[in-house]
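Report on one structure; see the data block that follows.
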Amino acid sequence: MEPKIELPKSGTYVLVLQLIRQRIIRVGSLGVIRFRRGNYVYIGSARKGLRFRVARHLAIEKRKRWHIDWLTTQLGVLLIAVASTPRTGLECRIATALSCRANMRVDSFGCSDCECESHLYYFPNTEDVFLTLKHLERYGVSAQRIHV
């Protein structure tokens, strides 16, 4: 049974993905990237249709359009949480907040339309991810655990 995820119609979202084992993945124009085993936090937004955007990201079968599509179509990638806020225009602020707490970033991932260094951050420890999501509450972001 698929988990029920409550999302606003539009806004900013954060996907927390857990990679079961290290993978080397070709990510569109970014080329080949080595993804360590652990947790990845991705920030995105949708001015309308946020529910459909997140559902699309989580679908295995799809045309690869965004950088995140190359990661979410891999075997061994689990969605462990989704966080969201109905506020738009927060992607870059949230990315900055994550960059201060993450162990590393995946350069240029998901941020081709802004000045950010990345919209995908790596956390080896799941507890650190959820502590970080707690700090995002100041932006009106609320998290929902899915697995773990």
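The values are calculated or read from the model by the stated rules, or taken from the named source; none is laboratory data. Predicted, not measured: the structure shown is a model, and the values here were computed from it. Heads up, the Cβs are rebuilt from the backbone with ideal geometry, glycines too, and the neighbour counts pull from every protein chain shown.
Give me the residue from the range 47-82 that is closer than 20 Å to ARG105 by Cα, under 12 Å from the mean Cα position of the chain (by Cα) and part of a helix (DSSP H, G or I) and, out of that set, modelled with the lowest pLDDT.
That would be HIS57.
Across the range 52-84, which residue is surrounded by the most Cβ atoms within 10 Å (Cβ to Cβ) among those that are of a type outside the set (S, T, N, Q) and in contact (Cβ under 8 Å) with a residue 60 or more places away in the chain?
ALA83
In the range 85-107, which residue that is buried (at least 17 other Cβ atoms within 10 Å of the Cβ) and in contact with a helix residue (DSSP H, G or I) (Cβ under 7 Å, 6 or more places away or on another chain) is nearest to GLY31 (Cα to Cα)?
ARG105
Working carefully through the options SER112, SER118, find the one that is more than 14 Å from the chain's Cα centre (by Cα) and hydroxyl-bearing (Ser, Thr, Tyr).
SER112
Can you name the number of the only condition in (1) modelled with pLDDT of 95 or more; (2) under 13 Å from GLY44 (Cβ atoms) that PRO124 fails?
(2)
For the range 5-40, give me each residue that is assigned to a loop (DSSP other than H, G, I, E, B) and within 21 Å of VAL129 (Cβ to Cβ).
Passing the criteria: ILE5, GLU6, LEU7, ILE20, ARG21, GLN22, ARG36, ARG37.
Out of ARG101, ARG63, report the one residue that is in contact with a His (Cβ under 8 Å, 6 or more places away or on another chain) and not hydroxyl-bearing (Ser, Thr, Tyr).
Exactly one of ARG101, ARG63 is in contact with a His (Cβ under 8 Å, 6 or more places away or on another chain) and not hydroxyl-bearing (Ser, Thr, Tyr), namely ARG101.
Given GLY31, GLY44, GLY89, which one is more than 11 Å from the chain's Cα centre (by Cα) and touching a residue at least 24 places away in the same chain (Cβ under 8 Å)?
Details: GLY31 fails: touching a residue at least 24 places away in the same chain (Cβ under 8 Å); GLY44 fails: more than 11 Å from the chain's Cα centre (by Cα).
It is GLY89.
Give the residue that is surrounded by the fewest Cβ atoms within 10 Å (Cβ to Cβ), with candidates limited to residues of the range 4-28 that are touching a residue at least 60 places away in the same chain (Cβ under 8 Å) and either out of contact with any strand residue (DSSP E or B) (no Cβ under 8 Å at 6 or more places or on another chain) or aliphatic (A, V, I, L, M) (or both).
In this case the residue turns out to be LYS9.
Within the range 84-97, is even one residue assigned to a loop (DSSP other than H, G, I, E, B) and closer than 18 Å to VAL32 by Cα? I'd like the intermediate steps shown before the answer.
If we filter the range 84-97 for residues that are assigned to a loop (DSSP other than H, G, I, E, B), which is where we start, we get 86-90.
Still in the list and also closer than 18 Å to VAL32 by Cα: none.
No: zero hits.
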